[in-house]
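Here's the structure, in structure tokens; my notes come after.
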Number of protein chains: 6
Amino acid sequence: MQTPDRTRITRFGDLTSPEAAQRRGALLILPVGALEQHGDGLPLSTDTLRAEYVAEAVAERLAGRAHVLPGLPYGVSPHHASFPGTVSLSARLFIDVVSSIVRNLGEAGWERILVVSGHGGNGASLGVVEQDLLATHPDLHFAWTLVGTLAPEASAKLPTAEVSGHSGESETAQVLAIAPSAVDRSSLTAGVRTLQELNAKARLSRIKPPSISVRFEHYADNGVLGDPTTVTAEQGEVILEEIVTRLTEYAEAMLSL
Amino acid sequence: MQTPDRTRITRFGDLTSPEAAQRRGALLILPVGALEQHGDGLPLSTDTLRAEYVAEAVAERLAGRAHVLPGLPYGVSPHHASFPGTVSLSARLFIDVVSSIVRNLGEAGWERILVVSGHGGNGASLGVVEQDLLATHPDLHFAWTLVGTLAPEASAKLPTAEVSGHSGESETAQVLAIAPSAVDRSSLTAGVRTLQELNAKARLSRIKPPSISVRFEHYADNGVLGDPTTVTAEQGEVILEEIVTRLTEYAEAMLSL
Amino acid sequence: MQTPDRTRITRFGDLTSPEAAQRRGALLILPVGALEQHGDGLPLSTDTLRAEYVAEAVAERLAGRAHVLPGLPYGVSPHHASFPGTVSLSARLFIDVVSSIVRNLGEAGWERILVVSGHGGNGASLGVVEQDLLATHPDLHFAWTLVGTLAPEASAKLPTAEVSGHSGESETAQVLAIAPSAVDRSSLTAGVRTLQELNAKARLSRIKPPSISVRFEHYADNGVLGDPTTVTAEQGEVILEEIVTRLTEYAEAMLSL
Amino acid sequence: MQTPDRTRITRFGDLTSPEAAQRRGALLILPVGALEQHGDGLPLSTDTLRAEYVAEAVAERLAGRAHVLPGLPYGVSPHHASFPGTVSLSARLFIDVVSSIVRNLGEAGWERILVVSGHGGNGASLGVVEQDLLATHPDLHFAWTLVGTLAPEASAKLPTAEVSGHSGESETAQVLAIAPSAVDRSSLTAGVRTLQELNAKARLSRIKPPSISVRFEHYADNGVLGDPTTVTAEQGEVILEEIVTRLTEYAEAMLSL
Amino acid sequence: MQTPDRTRITRFGDLTSPEAAQRRGALLILPVGALEQHGDGLPLSTDTLRAEYVAEAVAERLAGRAHVLPGLPYGVSPHHASFPGTVSLSARLFIDVVSSIVRNLGEAGWERILVVSGHGGNGASLGVVEQDLLATHPDLHFAWTLVGTLAPEASAKLPTAEVSGHSGESETAQVLAIAPSAVDRSSLTAGVRTLQELNAKARLSRIKPPSISVRFEHYADNGVLGDPTTVTAEQGEVILEEIVTRLTEYAEAMLSL
Amino acid sequence: MQTPDRTRITRFGDLTSPEAAQRRGALLILPVGALEQHGDGLPLSTDTLRAEYVAEAVAERLAGRAHVLPGLPYGVSPHHASFPGTVSLSARLFIDVVSSIVRNLGEAGWERILVVSGHGGNGASLGVVEQDLLATHPDLHFAWTLVGTLAPEASAKLPTAEVSGHSGESETAQVLAIAPSAVDRSSLTAGVRTLQELNAKARLSRIKPPSISVRFEHYADNGVLGDPTTVTAEQGEVILEEIVTRLTEYAEAMLSL
């Protein structure tokens, strides 16, 4: 067996303790996902897969200046709780876990932490983490983002149904690009595609602000918004490339602070 | 003294218990604000004033179909904590208070609740409340909004400095319209007005996503973004009219659910 | 519009941040109330109205040496929970909110804080807040009082039924004095007036110590103890004058510490 | 060894499980105390001793209709924290422990529970327990009392210094009566005896309402209010007899509910 | 009455505050028990009796170098919850109480604390307390033990049924030795004695590791494992002597740290 | 690309929601690890690697009757907190996360859950989870184990130093077998090897019971107990085979309940 090149390690957990001690200047990227229904064809871990893919891609481009922390594969998913296989942490618990990890690292000397969430439902909690840290660790550079919002251009170009979102065109394309063998292609099925199919509350929820929530069984029987059968891995690659590019640029800016 | 017309009461707290019992179909509007620095000329309660004004204006237009709950005059303001007079609840505590009020009402038979926040810093917490309620009270219609985001058209027309935000043009115009005597006009002073005046982190925070936080003393010495000296009460009225109109329309939609 | 005299501002929330910075020697008065049933004729916010009235009257008499903080309009009201319109915070949550406000102010340099509660059910929680602060902020001067216990002389003179208390003679007289238009006079109705009408447990609860609790629906169908129809605003003024006088004197003593 | 008469067992913990099952109609008495400084001559467990003595005396008089639960020997004592040997639970933790014990028993079928506290500092917390139970266990008969307030007549007759209280005349007399060997008589020393000796804040704290707290080191160097050297066991017996008599009568009333 | 020799006091609560101040070098022993079913013949407080007996015996042998803290008579007993008389604290609450006591003492200058549990169900919680203290009080010497595991030799010699444990031979022998009058000898009855009598899950639970839990009503109708009718007080004395000897030796080692 | 055989999926997160719905009879295995120092040559994620390896090996042998849940890569590691790269959750938080995952699954219809921990420091917390679930989900079959205790035979045969444990012979052999490229072989260094090298407290901690904790910097400068340089991947394979065999057998027994 050839000796691996330890300078090229991207995962923080693959470092030894003395090696970690020498990377305190690095940006640490924490991928957070979810274990929740993603329709008939995408795996329960879809959001974790996407977060980890993006985190590692950014870390690779930063070549030693960033490391990927072990990820959190459970998120805040109350809206999917009635679908089998969903495991949802309360927002409070999710906040505590992320805060705890970040505080440990902040107190041990790391100054730059970026959380990448593959799941939109983690957003409010990450906003709270951000505020809590501002009160207790004002000098830490803590940022977070949803993966799904980082590709405005590619998303605009992707043909989608009138209603499109969870487990729909964009998400499916991404998983086809990242982990094609994880998709049960023959089971991919369209969900709700038109505003007309939505009930009054679900329609109201599409206008923001204000924000109003709807459980996913009230959106669509199969838990899907849009038509996942229409997309390709290539489209997913375009979306992911935009995400990784933007986020790498942002990470560079954080490293310059 | 003339007998007041009790059918025209908008404030929930002004009702008697038997009267409240007869309004279970009504929309209840909870204004939430903050007690925090608003620069040299706006009062600490600026956000509470705005939330209560909007809540009452909407309730009045709905003439008996909506009531304004007693408001919460403290919010989540860690970014302003170093300025005198700021009192900040932790996100967790704010979440618990709002949740508790809503759960009480939900269990007592009210089905439509709308939270109106005059303070952007309450947003993440309200997002968490929304998710928590989805898990425990799936049939309750719970919506929330920030006041500041409900006037996209009037805001686009308001002349502002390159950097504008907290205690800046829009917020000052609104308080001039709502409560002119609460403004210390002679002390209104411009804060940071250009991106060039911001430090690297503050500049980075203007790009979203990702989200990264900055304490307000790192934005501007006087805690102000933009130039509050340039606006008038008339401009505030235009902004408020758009906010109230949009929100009344939304409230009507909630009443139809 | 005439320029208001900012030196005469009594409400803390009406100050700007720089103005607040100059009032660190002042006594801060926090009114806390409740949103709970007050029989057929008094409003749900009765306790908040009384707390705010007293707090502001004391602050006015202290002319700039005291300020009224934004009040808490929700309290600890489990005994009234079965009556429509009651919203009750758990004792724990109420404790946390009051503690949090006081700690914020204590850490920002204010040294004298007085909580005025219009609702007896907040008493145990305020006792806990007092103890907690003794452990963590031993140098802060923190005091609290119930409004209802501050007029022993006027109360002794007020003619009442054998059983008198919640929403009864004294409370009704006070609201008639403070906010006559908030009272639905034509609906005021006597509640339980004699010990004989009480069941065994309710009667036992009138002996103290020990302390034993009874839910209000077990006291009286309309949630009233005593006869609110017998009193006048003038009687309320006498009670309130004694309360405000005593409390102003106490506040003076706190300012001398 | 003679077989003990198991029908005369007063302590709940001395019963077997099948025996306990047959006493669900009994009143359960929970003594709660404190571990805190009691001056130079009284033991740290003074309050626990008094609570347990009273609880057992009442249970004995009720001959099988009441049982004494294992007691809590730690209480809420932040005001004594700076004196060696004091162990203080936070109010919150004390509330949780008492609530938990009572809820267990309530769910297992006991309906009458009386808490007897030897320590005044536990009062606010017990008030919160009472309120919490009202919300969750409305049919449980839960009462609590401080030992110290149950002998108004004997207390009025006891000669005391102008300032008298913690570890003073009454408390010392009681311990001399209950556990003479626990008192280090030769070390009993007077503490603060006159209002004049108190500082301004300590003096203000003697007026109630409002309530304001003072740490005990700010009252008296030796933590004593009054003169414990002037009393006898006989005086303690008179006080205790009044306490036990009143409380037995109250317990009888609870058994009749 | 003869003056007691105060230098021979073993119970911490019997000391005065000035005496406690002089014992900061001592080892403090905290006995923790349970209030839970112990079959037909042993008292509910069996585990507390055993913990307190052992704690006091060790303290006596250490003659002034160790003191017994007031004990906790409630423990973590969810597996016995369906049997009358059981009162179970949640693990979380038990952890908080023990932690709080230890932290108070650690902050007041005591450096050596040993918890002796008469109840196996408290073990996991004490393990958590140990870890928590390691994080916050790294210099405190905190140790804990179950009474039941400290007599491997005597236990090996005690004749027992194939299945033996809770309220069985060893525990009964110990209570017969410590408090014979607390045992209802005529009611002692064998419980489950053979593996064959156990259901599949109960049998699986006897293999460790892994650990799997079974509620006691699924082990045996009377809550007993083994045959308590076969043992004597003398056998209990042998077991207790081994426990006290081992623990005294360990305590000596702690005093030498 | 060939269609993967979805019946052979072992990871729960790789299933779609409809597929998960059909596996409610399966055993779910949750691997939990730690992110903590493992000396100079083992990676920070050592415990997670081992837990996931074992969980997947067991699931594979059970061929569709067991699935591996997404693992928790952070554990309870306060004893390692002073070494770089360690991230430790509080026991309380770890308990909450594991409990939450298990409760979600229990409420969604899964009845058999096995937690496999690669880290000994998670043991006390898992014991608490087991007890909590017994109170709230008595019919769930919940078991947990430490990986390290499941190979008594192979461990007994492995030559080790007098003192051996964390990051020592056994653990190193296992990682060499599982993930040889994750070991920085050239940096592996012996830690403390003899009792004589330990300080008094560290020596005392080797005797159990009682249990007493020592932070790892007080054991050994490099955080290692034993000599990791003496072992081979082959020895690790023998250990792992015993672990996997035993655990598969246990899992079979759980599936038969």
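Throughout, read-outs are computed from the coordinates displayed, never taken from laboratory work. On a predicted model such as this, the values are computed, not experimentally measured, just so you know. Note that we place each Cβ from the backbone using ideal geometry, even for glycine, and neighbour counts take in every protein chain shown.
Details
- Principal semi-axes of the equivalent ellipsoid, √(5λ) from the alpha carbon gyration tensor of segment D:113-221, are 29, 20, 12 Å from largest down.
- Between residue E:233 and residue A:162, the simple spin-label model (points 7 angstrom out along Cα→Cβ) gives 8.9 nm.
- Note: relative contact order over chain F, using C-alpha pairs below 8 Å and six or more positions apart, is 23 percent.
- The alpha carbons of the protein assembly as shown occupy a box of 95, 95, 49 Å along the principal axes, longest dimension given first.
- With the convex hull drawn over the C-alpha atoms of segment D:6-255, the volume per residue is 125 Å³.
- Inter-part distance, segment E:188-257 to segment D:210-239, computed on C-alpha centroids, equals 48 Å.
- Pairs spanning more than 28 Å between alpha-carbon atoms, out of C:201/D:201; A:157/B:208; A:208/B:157; E:201/F:157; A:201/B:157: C:201/D:201; E:201/F:157; A:201/B:157.
- Most simply put, the protein assembly as shown has about 15% antiparallel DSSP beta bridges, counting only bridges with both residues inside it.
- Beta bridges per DSSP, both residues in segment D:6-255: antiparallel share near 5 percent.
- Exposure proxy for F:216, F:83: other Cβ atoms within 10 Å of each Cβ, ordered fewest to most, give F:83, F:216.
- Inter-chain shielding of A:64-71 (mean C-beta neighbours from other protein chains, 10 Å cut-off): 2
- Over segment A:94-230, Cα pairs under 8 Å with separation of 6+ residues give a relative contact order of 24 percent.
- Helical segments meeting 15 Å axial Cα length and Kyte-Doolittle 0.0 threshold in chain A (DSSP H): A:91-107, A:123-136, A:233-255
- In range of the label at residue B:149: residues from segment A:108-150 whose backbone nitrogen is under 15 Å from the point 7 Å along Cα→Cβ: A:120-128, A:146, A:149
- Within 10 Å of each Cβ in C:36-48, the average number of Cβ atoms from other chains: 4
- The alpha-carbon positions of segment F:194-257 define a convex hull whose volume is 144 Å³ per residue.
- Three-way shape call for segment A:1-110 based on the alpha-carbon gyration tensor, with the a/c threshold at 1.5: oblate
- For peptide B:3-12, the mean count of partner chain Cβ atoms within 10 Å of a residue's Cβ comes to 3.
- Since only B:89, B:172, B:45 are under comparison, the one whose Cα sits farthest along the positive direction of the charge dipole of segment B:26-255, derived from C-beta charges on Lys, Arg, Asp and Glu, is B:89.
- Within the protein assembly as shown, helix-based [θ] at 222 nm, where runs of 4 or more DSSP H residues each add -39,500 (n - 2.57), nearest 500: -12000 deg cm²/dmol
- FRET efficiency, 1/(1 + (r/R0)^6) with R0 56 Å, evaluated for residue C:139 and residue B:139 via beta carbons: 0.65
- Taken about its Cα centre, chain C carries a charge dipole of roughly 400 debye when the Cβ of each Lys and Arg holds +1 and the Cβ of each Asp and Glu holds -1.
- Coupling constants for segment F:196-209 follow from the phi torsions by the Karplus curve (6.51 cos²θ - 1.76 cosθ + 1.60, θ = phi - 60°), and in residue order they are 4, 6, 7, 7, 4, 5, 4, 5, 4, 5, 6, 7, 9, x Hz; glycine and proline get x.
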